[in-house]
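Only one structure is covered here, and it is reproduced in the block below.
The values are calculated or read from the model by the stated rules, or taken from the named source; none is laboratory data. Here the structure is a predicted model, which is why all the values come from computation and not from measurement. Cβ: placed from backbone, ideal geometry, glycine included. Neighbour counts: every protein chain shown. Calculation scope for accessible area: heavy atoms of the full protein, side chains included, ligands and nucleic acids excluded. Shrake-Rupley method; radii C 1.70, N 1.55, O 1.52, S 1.80 Å.
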Amino acid sequence: MAVPKRKHCKARSRKRRGGHVKLKVVSVITCPQCSEPMLPHRVCPSCGFYRGKEIVSTEAE
Ligand SMILES: [Zn+2]
């Protein structure tokens, strides 16, 4: 017996999801140490500080 490949087309599923299944907006904050843009709740990639303390040393490179 032949098996149908799909019940709905992609557009139909995507239309239904429309509002609640979507890409998230990436929030960016400014580092208080070096004022570089960085992701919140993460160690700063440029100066290695988090919550006023140096967590990762950026000098060893
Ligand atoms: Zn920083």
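Descriptive notes on the structure:
- Count - residues of the range 1-30 that are among the small types (G, A, S) and under 30 Å from V43 (Cβ atoms): 1
- Among residues of the range 29-59, those that are open to solvent by 90 Å² or more (accessible area, probe 1.4 Å) and part of a loop (DSSP other than H, G, I, E, B), counted: 8
- Subset of the range 1-16 that is among the basic types (K, R) and surrounded by 10 or more Cβ atoms within 10 Å (Cβ to Cβ) - its residue that is farthest from I55 (Cα to Cα): R12
- Screening S46, S57, S27 for residues that are over 17 Å from the mean Cα position of the chain (by Cα), of a type in the set (S, T, Y) and modelled with pLDDT of 85 or more leaves exactly one candidate, S46.
- When G19 is tested against the conditions (1) loosely packed, with under 10 Cβ neighbours inside 10 Å; (2) outside any loop (DSSP other than H, G, I, E, B); (3) not hydrophobic (A, V, I, L, M, F, W, C), the lone failure is (2).
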